[in-house]
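Working notes, beginning with the structure itself.
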Amino acid sequence: MKLAPLIAASAVFFFLWAVMPVTLASHGSIGSGSVIILLSLVSLAGSVQFLRAMRHESPRWFWGIPFAAVCTALALWTGITRWVVTVPDIGNHVFLFLLPPAAALFFYSFPDDCRSRVMMPIAISALVSVLSLILAANAFCTLVPGTPVPGFMAVAMVLYTLLLMPLVGLLFIVTGAACK
């Protein structure tokens, strides 16, 4: 298994670490949407390349499809909201919150010999997925007028974005190194 597709697939998880410096260095001329689309496309290319290689090595290769689907949706949604229409950015958040569960399934798609070495990343991604699915449901509920939003969600969102998403991205690199 190649390390490069897994590192490329992890790119989207580090989007805040890339978006902020790029936007600041360009003095706002390169917006965050452009960087998110770029990273989503890199991530999509890496996950598709991984799926192509896994079709011949793992009977569970199809468990990696949700990750590619979420990366596709993230790139499409960001592109649509950036260049076509002006809509609430809530869809972007929902897709970002769906990445950890898709990553857990992605890790589960590894071949048997490799999967036994990456059980910890699968477990950590599954734990992060619990919080991310709660945040996704909350983000979706904010579209409904009059729905109360719990106060702890703002703290959970900051924790998720600054710590847990990069953690899942690091897990991609660790699993890539463990299974090369």
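The values are calculated or read from the model by the stated rules, or taken from the named source; none is laboratory data. None of the values given here were measured: they were computed from a predicted structure. Positions of Cβ are backbone-derived with ideal geometry, glycine not excepted, and every protein chain shown enters the neighbour counts. Quick note on the areas: whole protein, heavy atoms, side chains included, nothing else; ligands and nucleic acids left out. Shrake-Rupley method; radii C 1.70, N 1.55, O 1.52, S 1.80 Å.
Just one of the numbered conditions (1) open to solvent by 70 Å² or more (accessible area, probe 1.4 Å); (2) modelled with pLDDT under 75 is not true of F15: (1). Mind checking which residues of region 23-45 are assigned to a helix (DSSP H, G or I) and either in contact with a Ser or Thr (Cβ under 8 Å, 6 or more places away or on another chain) or among the basic types (K, R) (or both)? Listed by number, the residues that qualify are T23, S32, G33, V35, I36, I37, S40, S43, L44.
No other residue among L164, L170, L159, L98 is at pLDDT 85 or above, in a helix (DSSP H, G or I), surrounded by fewer than 19 Cβ atoms within 10 Å (Cβ to Cβ) and not β-branched (V, I, T) apart from L170. Taking the condition in contact (Cβ under 8 Å) with a residue 40 or more places away in the chain and surrounded by fewer than 19 Cβ atoms within 10 Å (Cβ to Cβ), does G28 pass? When the stated conditions are applied, G28 does not pass them. On inspection, S129 passes the criterion of being open to solvent by less than 30 Å² (accessible area, probe 1.4 Å), modelled with pLDDT of 85 or more and more than 15 Å from A9 (Cβ to Cβ).
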